[in-house]
Amino acid sequence: MKANRLILLLLLLVPAGKSAAQRPRYAFTPEQYQIPFPKAFLNAPDTVDMVILGDVMMHAKQLVRNHRTFLERVAPAILEADIAVANMEFPLGGEPYTGYPAFSTPDYYPWYVGGECGVDVFLTANNHVLDRGSAGLRRTLEVYEKIRDSLGVRQTGAGRNPAELERDNPLLLSRKGIRIALVNFTYGTNTGSDQEWPKVNYMRKDEVAKAIRNAREQGADFVIALPHWGTEYQLRHDASQRQWAEWLVSEGVDAVVGSHPHVVQDTTHIHGVPVLYSLGNAISNMSAPNTRIGLMATLRFVRDPLTGEKRILEPELTFLWCTLPERLLPDSYASLFVKEWANRRDDWLTPSDFDNMISTYRRVLDVTGIED
């Protein structure tokens with residue numbers, strides 16, 4: 001479904017062809033048709049790009065704004081990816097719609113994130129998914145099922161019953177002959193009971209190890225761990241995150257990409273495995289220090305068509321900035337790529353917010369040690 005959306009977009013952008021009378025005339029000799037294609041082109045590796053976004057949120061003040069601007073400026077990059085993943089930090093509990101501390105988000109929001117912005121996988125294992133209790137989570141999963149049937153968007157991290165939870169944990173995706181498993185789990189939930197269904201994937205080593213093992217048994221070439229963990233608002237990972245990351249690597253995952261702290265955290269490698277401790281926020285109403293800057297991570301998987309060798313390349317990290325109303329746009333929010341807007345101070349309605357973006361960006365780079 002995502003490919004169809006992208007093709008339609010490209011068709012709309014392609015200029016109309018020239019008529020036969022307008023086309024330039026060229027003279028070709030037979031020899032020109034005998035030039036072979038370069039071998040490098042024929043043997044180019046199969047590449048799968050997976051884009052991962054941090055926390056997609058809907059605070060109370062966002063509820064009264066035009067949501068279509070929220071991810072509009074980053075959506076082209078999401079649509080171009082073979083697979084796009086986002087942490088959906090809210091339940092769809094129905095009316096009344098609410099923001100922090102107990103979220104309930106309108107149904108149109110995930111339809112927008114999946115249908116218009118191109119996200120293929122919703123992560124549901126997070127501390128807010130049970131904000132409206134088991135009934136709210138059940139309703140959330142029912143809406144996500146409709147989105148799956150209509151748009152092909154999948155969810156992982158929660159299930160309405162044991163069979164559903166196990167089916168999507170791990171979530172196995174296949175693109176271009178490469179099979180990638182996603183294992184999503186959370187340190188806990190703010191409310192709700194773990195004694196009744198539906199349930200969420202928690203940070204329990206026996207359950208996470210089983211999901212990783214099942215991924216390999218199902219033929220996964222790569223296993224990506226997506227934990228919801230860590231200390232909020234801290235730019236450096238904590239001891240628990242490090243211990244868990246080391247354990248996940250020992251269990252055989254190929255990358256670790258975390259969420260929850262609402263700020264970008266440092267990155268590292270453990271025995272060659274990339275660990276991105278926190279991507280921060282993708283879109284929110286937060287304004288506390290460092291909460292308006294986030295990361296979009298691109299994991300690139302390649303397969304050599306001659307040898308069949310498969311490997312994961314070094315993650316590509318792209319910084320995002322979330323503008324609040326009356327800063328860049330007069331009446332709504334917008335996430336944008338920092339580097340694309342780094343020389344456009346005059347475009348801001350509130351130029352001091354541009355200065356805030358640049359100073360926050362530099363501070364986060366300095367504290368986390370991320371190279372951009």
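Structure values in brief
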| read-out | value |
| --- | --- |
| Global size of the chain as Cα Rg and Dmax, reported in angstrom | 21.9, 77 |
| Anisotropy class of the stretch 149-191 from Cα gyration tensor, a/c 1.5 cut | prolate |
| Inter-centroid distance (Cα atoms) of the stretch 247-311 relative to the stretch 92-156, Å | 23 Å |
| Computed [θ] at 222 nm, helices only, for the chain once each DSSP H run of length n ≥ 4 contributes -39500 (n - 2.57) | -7500 deg cm²/dmol |
| Sequence ranges 297-306, 68-77, ranked by mean other-Cβ count within 10 angstrom, highest first | 68-77, 297-306 |
| Ratio of the Cα radius of gyration of the stretch 189-270 to 2.2 N^0.38 Å, where N counts its residues | 1.18 |
| Convex hull volume per residue for the stretch 110-189, taking Cα atoms only, in Å³ | 101 Å³ |
| Cut-off under 5 Å, modelled amide H: who pairs with M286 long-range | none |
| Relative packing of 84-91, 351-358, 309-316, 54-61, which averages over residues the other C-beta atoms within 10 Å, highest first | 84-91, 54-61, 351-358, 309-316 |
| Total charge dipole magnitude, the chain, about the Cα centre, Cβ charges on Lys, Arg, Asp, Glu only, Debye to nearest 20 | 760 debye |
| Taking the stretch 65-188 and dividing mean pair separation by its residue count, relative contact order in percent (alpha carbons under 8 Å, at least six apart) | 23 percent |
| Subset of K210/K310; K176/K210; K199/K310; K146/K199; K199/K339 violating a 29 Å alpha-carbon distance limit | K199/K310; K199/K339 |
| Rounded to whole Hz, the Karplus (6.51, -1.76, 1.60) HN-Hα couplings of the stretch 64-71, x for glycine and proline | 9, 10, 6, 5, 5, 8, 4, 10 |
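None of the figures in this text is laboratory data; all of them are computed from the coordinates on show. Computed from a predicted structure; not experimentally measured. Using ideal geometry, Cβ is built from the backbone for each residue, glycine included, and neighbour counts are taken over all protein chains shown.
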